[in-house]
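Participant: Attaching a single structure in structure tokens format; questions to follow.
The values are calculated or read from the model by the stated rules, or taken from the named source; none is laboratory data. Note that the coordinates shown come from a computational prediction; the quantities given were computed from them, not determined experimentally. No Cβ is skipped: glycine too gets one built from the backbone with ideal geometry, and neighbour counts run over all protein chains shown.
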Amino acid sequence: MHRPSRGYRVFQGINGVLLTLVVVLTLYPFLNIVARSFSGEHQIRAGQVTLWPKGFNLTTYKVVFHDSMFWRNYGNTVLYTVVSTVIAMFLTTCYAYVLSKKHLRGRTALVGVAVFTMFFTGGLIPNYVLVTHLGLKNSVWAIALPNAISVFNLLVMKAFFESLPTELEEAAQIDGLSTYGTLLKVVLPLSKAVVATMALFYSVSFWNSWFSAFLYMDRAELMPVTVYLRNIILGATGGSNAGAAQAQLTQVGANIQAVTIVLTALPILCVYPFVQRYFVSGVMLGAVKG
């Protein structure tokens, strides 16, 4: 077996050191936030918290967990994320598959329409008027439909579908499969990597989104958990038990932001390991043709 040259070993060592530093710099802020969420107010204000909680404190978690509105808003977030991601994946996959066909008439115009929306939008007020006049306010559709297709995700999936061998689809057609059958039984099973990656992109985006709900939802019981936690940070009374808990907010004010970040990020962190193996291959296969 050929032994790596000295220069290559030096490169590997430097690369390993640099990547280790990147990992440390990336993980430290998150671990610090987790430690702050379990720490006491005095220790946080004194700057004593680094990677380990000081003055262990669960008051903030108790304030949030004992609020029934928190759980209702959390359920709303799960509902909005699931429905919006399913709709977005369906529309993006169909649109990308169509655009991947070079023989399609008007293909250039369809691509141009999609790319145009990356640079120009109707604006906040026209979008609000449109959603209101369509009767979508105070419903999941106000969140799911206006953000149903991300052009970046669309172009990545389009490039991935174009990289698949055309002979596979031709063979499927010879066997009697229709266009829809080819997509469902041949193309999608070969596209697990890019589908999982795009689903992760969409789900993270919808989970973290709060402005659409803040804009289109009028009632607190319809808000996602991101808006609920935002209201707590701003000192608002976001839930039914918030009035009783208001006296404790002074005590937990120093770590309320840390708790907010932890609770918001936790579900995505739990989901990510299941799709991580598809992540790199999905992005690279969709971004690099050949």
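Participant: Please work out if G106 is under 25 Å from V186 (Cβ atoms), modelled with pLDDT under 90 and out of contact with any helix residue (DSSP H, G or I) (no Cβ under 9 Å at 6 or more places or on another chain).
Facilitator: Yes: the conditions hold for G106.
Participant: Which residues, counting only those in the range 26-63, are free of Cβ contacts under 8 Å to residues at least 24 places away in the same chain, polar (S, T, N, Q) and part of a helix (DSSP H, G or I)?
Facilitator: Answer for the range 26-63, where residues must be free of Cβ contacts under 8 Å to residues at least 24 places away in the same chain, polar (S, T, N, Q) and part of a helix (DSSP H, G or I): T26, N32, Q43.
Participant: Go through the range 64-158 and tell me which helices (runs of 4 or more DSSP H), entirely inside it, have 3 or more residues that are surrounded by fewer than 18 Cβ atoms within 10 Å (Cβ to Cβ) and among the aliphatic types (A, V, I, L, M). Before you say what the answer is, go through the steps one by one.
Facilitator: On the way: elements: 68-99, 107-119, 124-133, 141-144.
Fully inside the range 64-158 and qualifying: 68-99, 107-119, 124-133.
Participant: Checking the conditions here, which among V63, V98 is in the same structural domain as W207 (by TED's automatic domain parsing) and within 30 Å of F161 (Cα to Cα)?
Facilitator: On the way: V63 fails: within 30 Å of F161 (Cα to Cα).
Result of the check over V63, V98: V98.
Participant: If S205 satisfies all but one of (1) free of Cβ contacts under 8 Å to residues at least 60 places away in the same chain; (2) among the hydroxyl-bearing types (S, T, Y); (3) crowded, with 19+ Cβ neighbours inside 10 Å, what's the number of the condition it fails?
Facilitator: (3)
Participant: Taking into account only those residues within the range 159-178 that are assigned to a helix (DSSP H, G or I) and free of Cβ contacts under 8 Å to residues at least 12 places away in the same chain, which is farthest from the chain's Cα centre (by Cα)?
Facilitator: Looking at the filtered set, the residue picked out is I174.
Participant: Separate question: With the condition kept exactly as written, say whether any residue in the range 233-254 is buried (at least 22 other Cβ atoms within 10 Å of the Cβ) and at pLDDT 65 or above.
Facilitator: no
Participant: Here is a further query. Just to be sure I understand, how many residues within the range 168-218 are acidic (D, E) and more than 19 Å from A96 (Cα to Cα)? Before you say what the answer is, go through the steps one by one.
Facilitator: First, pick out the residues of the range 168-218 that are acidic (D, E): 169-170, 175, 218.
Checking the rest, the ones that are also more than 19 Å from A96 (Cα to Cα) come to 175, 218.
Residues that pass the stated criteria total 2.
Participant: What about T20, is it loosely packed, with under 14 Cβ neighbours inside 10 Å, β-branched (V, I, T) and assigned to a loop (DSSP other than H, G, I, E, B)?
Facilitator: Numbers: loosely packed, with under 14 Cβ neighbours inside 10 Å: yes; β-branched (V, I, T): yes; assigned to a loop (DSSP other than H, G, I, E, B): no.
No: the conditions fail for T20.
Participant: Let me ask you something else. Suppose we keep only residues that are touching a Lys or Arg at 6+ places or on another chain (Cβ under 6 Å) and β-branched (V, I, T) within the range 23-79. Which one would you say is farthest from A220 (Cα to Cα)? First the steps, then the outcome.
Facilitator: At the first step, the residues of the range 23-79 found to be touching a Lys or Arg at 6+ places or on another chain (Cβ under 6 Å) are 39, 43-44, 48-49.
Within this subset, residues satisfying the condition of being β-branched (V, I, T) are 44, 49.
On the way: I44: 31, V49: 34 Å.
Filtering the range 23-79 for residues that are touching a Lys or Arg at 6+ places or on another chain (Cβ under 6 Å) and β-branched (V, I, T), the one farthest from A220 (Cα to Cα) comes out as V49.
Participant: If a residue must be polar (S, T, N, Q) and within 19 Å of W207 (Cα to Cα), how many such residues does the range 37-83 contain?
Facilitator: Residues that pass the stated criteria total 4.
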